[in-house]
Each structure stands twice: as structure tokens, then as C-alpha cells.
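A.B. asks: Sharing a structure here in C-alpha cells format.
What follows draws every value from the coordinates through simple rules; no lab data is involved. This one's a predicted model, so the numbers in the text were calculated from it and none came from an experiment. Positions of Cβ are generated from backbone atoms using ideal geometry, with glycine treated the same way; all protein chains shown enter the neighbour counts.
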Amino acid sequence: METEFNTNDDERISLIKKMIIEMGRGNLNYRIPTTTNDDEIEAITVLINMLADKLSEYFENLYLIQSRKTYEHLIDIGFVLDEDYNIQGVTSSYKDYIPIKKSRLIGMQFIELLDKESQELWSKAITQVNRFPKKLSLNLKGKKKLKQPLTFFLNELYPKKSKSRFLLTGVRTVNIREHLDSMYSESEGKNHYKNFLDLSDSVLKNEEDINIIKQIHAHIEKNLAESLGSLQELAHEFGTNEFKLKNGFKELYGITVFKFQMEERLNYAKTLVESSSIPLKAIAVMMGFKTSSHFSRSFKNHFGSTPRELRKAGN
């Protein structure tokens, strides 16, 4: 029996096609809006969105690994504020962070976009006049009651008589190593990386060491529900030692092994909570949490709300 689709289903399928075309063009910023439907179309939607997330993360990591810079500042959002810190302008990326229409956003006090804790930090910071630039770690009140942590830099604009007095940029600062010495193979007559990293001060002494760490990274991604055991056990399973695993993983990816596993579990869990009707207890088990309370507590610490609160807000 063939599946029958209604008009709404046709629209959802059209969005899936559009998403695939965008991904084929290299645009990984697009996402398909999810619905409350519990059907095959919604399952495909969730999977494609998750694929786009992973591809986006992969290419970002590839860029950072191949960069020759030590620090990379990735600007995510920017505001132009007047002398009273009212919003006069905003970058188009605000839609990824703030669930407010632009027409309503312009003229708002910036403090209204922050959670309670960050409002106190902001209020204190702007009383300290003539001290620019200011660096602040603040949480935006994001979509569906989730917080969006960013590092903000507040600076003055000139001339001061202008209505636009301040520039506020929200950035993620990524600490990366000065590495990747690309060399070329004369025998092949085309670009070829002989040395993936400059290893003079690295715990990863050769390409084999790097490949092992990358294998462990992929193993964690593919087996989120499984316990990793101890670092020593994991290292021996892949033919390396605990020291190289602990320090090499942090060197290559900027995060510890267990923190990476936890963040991957929580990010996948968030997608399932938002985009499926799978029971929360089942999601906890799927993501390797031993108890629902541990899952709920970890989720709230990371995203600012419990899985139940997030699902309720989305319905």
C-alpha cells in the first residue's frame, strides 16, 4: 500500500528537497523546521538536520586544524547600541540566537536579552565608564528558554556625537595551535601533505599518533551509549598510552575526552527531545546515561533547562 501525503506533507517534503540542494551547494547553515508530527517524514527531517550539524562541525574543525593562527575569534552576533544601550542595529545572524522579530528588537535595551545572572554583570559593567574595550561572558535568553553563552566585547564608536555610540560583538574564541606545515610532493606534481602538524612541541610525534586520536574521536561519536572505561583502558584498546590520549586529544580538538563525550551525548539528546516523541527515559538510555535524574541534571547544566521543560516549551 502506497503512503498517502496531504498538502502539509508535500510542503515538508519540499523543504527536505531544498535542504539537500543547499547541502549539495555547500551551504550547511540551513535547517529544516521540525514539527510535532511523529512519522517517517519527521524522522528523515531530524536525521538530515543532525547530518548538517555534524558536517558543519567537521568543516569548522578542519578549518581550525589547518589554520596557522594560535587564536581564532569567530564572530557570531553583533549589535550597535546608543548611549543608553538601546539596540540601534543588529547583524542578520541574530535569528540564530534571539527569538524576537527585528522590528521589535530595534529600540530594545540590550539588557532585556540577557538572563538574570547576566543582567547583573551587564549592569555592573556599564557603570564603569571610560574603560573600553570591555570583555563580558554573558548568556542570551535563547529560543525555547535555552541560554546562549557567548563572550562579548563592548567598545566605543566614533564620532561620539553620533547616535550610535557602542559596538557590541558576541564571539567564540577558539584556542588553536600554530601548526600544519604543508609540503608538496615533487614526484606526484601536486599538493600533498607530508606533515599534518608541526610536531616540535607536541605530544603527538607523528602522523600515526594523530590518526589514533582521530580514530578514538570517531569511536566516541559512533558509540555514545557505551561507557569509555578509564583513559588507560581506552588508550590500550587503540594501541597508544594514557598520556598521549589525554594530552593529544585536548591538543587536537581543544576538549578533554570525557567532556567531548558528554557534549556529544547532550547535543544529540537535545535534537531528539526537540524533534521526536521518544520518551525522555528512552533518550537517556540511548545516550548512555545510567539514570534519568543524571540525564536531566546534566542537560540543565549544559542548556539551562531540563529535557522536560524543553519539550514542553516546544509543544
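A.B. asks: With θ set to phi - 60°, apply the Karplus curve 6.51 cos²θ - 1.76 cosθ + 1.60 along region 262-268 and write out the HN-Hα couplings as whole Hz, x wherever there is a Gly or Pro.
C.D. replies: With the stated coefficients, region 262-268 comes to 5, 5, 5, 4, 5, 5, 5 Hz.
A.B. asks: If you don't mind, another one. Give me, ordered by chain and number, the residues 5 or more places off VAL90 or on other chains with an amide H under 5 Å from its own placed amide H.
C.D. replies: Those qualifying (amide H under 5 Å, at least 5 residues apart or on another chain) are VAL80.
A.B. asks: Order these peptides, 223-236, 79-92, 298-311, by their mean beta-carbon neighbour count within 10 angstrom, highest first.
C.D. replies: Working: 223-236: 14.0, 79-92: 16.4, 298-311: 18.4.
Answer by packing, highest mean first, reads 298-311, 79-92, 223-236.
A.B. asks: Quick one: Karplus J couplings for region 292-300, per residue in order, coefficients 6.51, -1.76, 1.60, θ = phi - 60°, nearest Hz, x for Gly and Pro?
C.D. replies: 5, 5, 5, 4, 5, 5, 5, 4, 5
A.B. asks: Continuing with this model, one more query. For the pair HIS294/ASP9, report the inter-label distance in nm, with labels modelled 7 Å from Cα in the Cβ direction.
C.D. replies: 4.1
A.B. asks: Within 10 Å, count the other beta carbons around each residue, average over each peptide in 249-256, 49-56, 13-20, and list them highest first.
C.D. replies: 249-256, 49-56, 13-20
A.B. asks: Each residue of region 14-22 in order: what ³J(HN,Hα) in whole Hz does its phi give by Karplus 6.51 cos²θ - 1.76 cosθ + 1.60, θ = phi - 60°, with x for Gly and Pro?
C.D. replies: Values per residue, Gly and Pro as x: 4, 5, 4, 4, 4, 4, 4, 5, 4 Hz.
A.B. asks: Please list the non-local residues whose amide H lies under 5 Å from the amide H of LEU114, H modeled 1.01 Å from N, same-chain partners needing a gap of 5 or more.
C.D. replies: LYS141
A.B. asks: Can you tell me the order of 210-222, 257-269 when each peptide is scored by its average per-residue count of other Cβ atoms within 10 angstrom, highest first?
C.D. replies: Averaged packing, sorted descending, gives the order 257-269, 210-222.
A.B. asks: If you don't mind, another one. Any idea how far apart GLU117 and LYS135 come out in nm if each label point goes 7 Å out from Cα toward Cβ?
C.D. replies: According to this spin-label approximation, the distance is 1.9 nm.
A.B. asks: For the pair GLU83 and LEU55, how long in nm is the line joining their label points, each one 7 Å along Cα→Cβ?
C.D. replies: The modelled label-to-label distance comes out at 5.0 nm.
A.B. asks: Give me the net charge for the shell around ASN37: Cβ to Cβ below 11 angstrom, other residues only, Lys and Arg +1, Asp and Glu -1.
C.D. replies: So the surrounding residues net to -4.
A.B. asks: Multiply the residue separation of THR256 and ALA43 by 0.36 nm, subtract the distance between their alpha-carbon atoms, and state the gained length in nm to one decimal. Intermediate values should be presented prior to the final figure.
C.D. replies: Numbers: separation 213, 0.36 × 213 = 76.68 nm, distance 3.15 nm.
So the extension gain works out to 73.5 nm.
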